[in-house]
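Enquirer: Take a look at this one; I'll ask things after.
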Amino acid sequence: MKASEQRRTTIKDVAEAAEVGVATVSRVLSGTGSASPATRERVLAAAARLDYRPSALGRNLRRRSTGGIGLLIPDITDTFYSRLADGVLACTQAAGEPVMVGATGDDPEREAELIGSLIEQSVERVIAVPSGDGEMWAPAFRAGLGVVFAERRVRGREDVPSVVTDDRSGVRTAVEYLIGLGHRRIAFLGRHGQAQRARAFREALTSLGMTVDEELVVRAHATRDSAYAAASGLFQHRPDLTAVLAGGNMLGEVALLAARELDLRVPRDVSLIMFDDVPWAELCSPPLTVISQPAHDMGYRAAELVLREGRRSRTVTLPTELIVRASCGPRR
């Protein structure tokens, strides 16, 4: 096939074939403005003969819509969320859909601002790791946006399609592993937006016959400073704890740092498990035991769902895996 035959037909080609201006072709094909019946017939015949297909951008502009997909994640520098975003992009690139990325910082107010911005830009679909509640997302639903949640669900909005991992199973497996090593004072270090993992932690302890000590369930704000303060405070105020389950890789990082600065040895003095198998987890000393989540697959599947408009009330649950390394040891 010749290169000229492979070239995409443009609106200018149609205008030349119909012997009219580009503006006239645009008016005829968009159904806006006026054109004589004869001119309209010539333009439509030329477009059919040349197999002209308007671009997605052109179609969306005529509908006063930018099209595309908004992607809202807490932190673009976080390895887990960057892998999730990469999965979204891998799927949407194949579909020819542009993606606009926004970082919420796990701040509901910032999330609300970004939702408003996406509505103003007439974006049609959104994939989000939500930090706000169902009311926060009400404007998006009223505007008719197709929404898919990833990693987390929003309580009260179970009708929204979601792609999540099996947090309950992952947390329970980790807690069972620590109890099997003899640990009884196990802490959960999470952050706001991870209420589901905190609930799963409490449920796991209760189902295994353990008493939930609420002082050992700590949640920090999304910033690294807040997370470090929470981890350091936990170690200092509860020197009797023997193991920590961190709800994400940033939390695991600051827990490891705080332990070292307080001369607590991992795993001799305190065992540590964290969500997310990021590259540094295997390279640090000691290598960290993790609850691995398929971040890339999560993003890809979320993009698939949001592109299949009309599919509602569907939740895709992906498995987690406990990867045992050297950061956990028997209680001494």
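Enquirer: Counting only residues 5 or more places away or on other chains, whose amide H sits under 5 Å from the amide H of Ala246 once H atoms are built in the peptide plane?
Expert: Here Leu189, Ile273, Met274, Phe275 satisfy the definition.
Enquirer: Give a residue-ordered list of calculated ³J(HN,Hα) values for the range 240-252 (Karplus: 6.51 cos²θ - 1.76 cosθ + 1.60, θ = phi - 60°; whole Hz; x for Gly, Pro).
Expert: Per-residue couplings from phi come out as 7, 5, 10, 8, 10, 10, 9, x, x, 5, 5, 5, x Hz.
Enquirer: Using a Förster radius of 56 Å, what is the FRET efficiency between Leu44 and Arg265 based on their Cβ-Cβ separation? Nearest 0.05, please.
Expert: The calculated FRET efficiency here is 0.15.
Enquirer: Rounded to the nearest 20 debye, what is the charge dipole size of the chain about its Cα centre when +1 sits on each Lys and Arg Cβ and -1 on each Asp and Glu Cβ?
Expert: Here the chain has a charge dipole of around 880 debye.
Enquirer: Order 201-213, 182-194 from most to least packed using the mean count of other Cβ atoms within 10 Å.
Expert: Ranking, from highest mean packing down: 182-194, 201-213.
Enquirer: Let me ask another. Taking the Cα centre of the chain as the origin and placing charges on Cβ (Lys, Arg +1; Asp, Glu -1), which of Ser327, Ala227, Thr10 is farthest toward the positive end of the dipole?
Expert: With unit charges placed on the Cβ atoms, the residue in question is Thr10.
Enquirer: Could the peptides 269-281, 99-111 be put in order, highest first, of the mean number of other beta-carbon atoms found within 10 Å of their residues?
Expert: By packing density, highest mean first, the sequence is 269-281, 99-111.
Enquirer: If amide hydrogens are placed 1.01 Å from N in the peptide plane, which non-local residues have theirs closer than 5 Å to the one on Val217?
Expert: Phe188
Enquirer: Read phi for every residue in the range 263-275 and hand back ³J(HN,Hα) as whole Hz from Karplus 6.51 cos²θ - 1.76 cosθ + 1.60, θ = phi - 60°, with x for Gly and Pro.
Expert: Taking θ as phi minus 60°, the curve returns 6, 9, 8, 9, x, 4, 9, 8, 8, 9, 10, 9, 6 Hz for the range 263-275.
Enquirer: Under 14 Å from a point 7 Å along the Cα-to-Cβ line of Ala195: which residues of the range 108-126 have their amide N that close?
Expert: 108
Enquirer: Show me, for the range 88-99, the HN-Hα J-couplings you get by feeding each phi into the Karplus relation (A = 6.51, B = -1.76, C = 1.60, θ = phi - 60°), rounded to Hz, glycine and proline as x.
Expert: 3J(HN,Hα) across the range 88-99, in whole Hz: 4, 5, 4, 6, 6, 5, 5, 8, x, 9, x, 10.
Enquirer: If you take the C-alpha gyration tensor of the range 167-293, multiply each eigenvalue by 5 and take the square root, what semi-axes do you get, largest first, in whole Å?
Expert: Output for the range 167-293: semi-axes of 19, 16, 15 Å.
Enquirer: Grab the DSSP H runs of the chain that are 4 residues or longer, score each as -39,500 (n - 2.57), total them, divide by all residues and round the 222 nm result to the nearest 500 deg cm²/dmol.
Expert: The helix-only estimate for the chain comes to -13500 deg cm²/dmol at 222 nm.
Enquirer: For Asp166, what residues show an amide H to amide H distance below 5 Å, using hydrogens built from the backbone and excluding near sequence neighbours?
Expert: Leu318, Thr320
Enquirer: What nm distance separates the two modelled labels at Leu318 and Ser82, each placed 7 Å from Cα along Cα→Cβ?
Expert: 1.7
Coordinate-derived values only; no laboratory data. These figures come from a predicted structure and were not determined experimentally. Cβ coordinates were reconstructed from backbone atoms using ideal geometry, including for glycine residues, and neighbour counts include every protein chain displayed.
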